[in-house]
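Chemist: Attaching a single structure in structure tokens format; questions to follow.
Bear in mind these aren't lab numbers, they're just calculated from the coordinates by the rules spelled out. From a predicted model like this one, the values you see are computed outputs, not experimental measurements. Positions of Cβ are backbone-derived with ideal geometry, glycine not excepted, and every protein chain shown enters the neighbour counts.
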Amino acid sequence: MNRTRLLFFVVMSLVLAFAAPSLAVTKPKAKPTPAPAGNAAADPGPAKSLGSDGAWSAYFAQNKAGKVCYLVGQPAKTEPVAMKRKPVMAMVTHRTEDNVSNVVSFDEGYALNEDQDVVVEIGPEKFPLFARDDTAWARTSELDKMIVTALAKGKDVIVKGTPQKGHPTTDTYSLAGFSKALALIDKACDVKR
């Protein structure tokens, strides 16, 4: 993984900690992680809702350095049901400051086994994502774009992860509303399809 992509992942973690007040309803309250000194771009300001459709919601935040536009989806079903997990969600993010778009991530709500890929299934297509902490990421921007294209055309997405301890999980997301949320963040961050 290149340094720019790793830096993006770190910045996105900070963005979620600071700029997603609407996620505070679904995420447990935690002490926010402070932004690195001298990096005002890490906090784009409060997120504003762009709208929701089905299980998918779109958000926008901006500061002098650029815009962050992202969508968040919740799974319709998680298995095993009895497993204790933090909130599970899928995200697609655009960030104008870093000139990146279509960054896909799946927050599994538990510490992932980083030696095993998280597998994302959309129809007949399967995409391997690498695990870092509790989140799965695509290895390249090209893979991100392929996944987003498949998500926009699909009916549902199945995400299979393996925890450090315990049984593997399967999360199923309905993609009804995904395309509308994607169009909202594309428009807000000037991303052309």
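Chemist: Looking only at the range 50-68, which residues are over 11 Å from F178 (Cα atoms) and in contact with a strand residue (DSSP E or B) (Cβ under 8 Å, 6 or more places away or on another chain)? Step through it out loud before you land on a result.
Modeler: So the first thing to find is which residues in the range 50-68 are over 11 Å from F178 (Cα atoms), and the list is 50-51, 59-68.
Scanning the range 50-68 gives L50, G51, Y59, F60, A61, Q62, G66, K67, V68.
Chemist: What residue, among those in the range 164-190 that are among the small types (G, A, S) and in contact with a Pro (Cβ under 9 Å, 6 or more places away or on another chain), is farthest from V104 (Cα to Cα)?
Modeler: Keep residues of the range 164-190 that are among the small types (G, A, S), which gives 166, 174, 176-177, 179, 181, 183, 188.
Now restrict to residues that are in contact with a Pro (Cβ under 9 Å, 6 or more places away or on another chain): 166, 174.
Values: G166: 25, S174: 16 Å.
Once the filter is applied, the top-ranked residue is G166.
Chemist: Looking only at the range 142-171, how many residues end up being in contact with a Lys or Arg (Cβ under 8 Å, 6 or more places away or on another chain) and within 24 Å of D186 (Cα to Cα)? Full working, then the answer.
Modeler: At the first step, the residues of the range 142-171 found to be in contact with a Lys or Arg (Cβ under 8 Å, 6 or more places away or on another chain) are 168-171.
Pick out the ones that are also within 24 Å of D186 (Cα to Cα) and you get none.
Number satisfying all stated conditions: 0.
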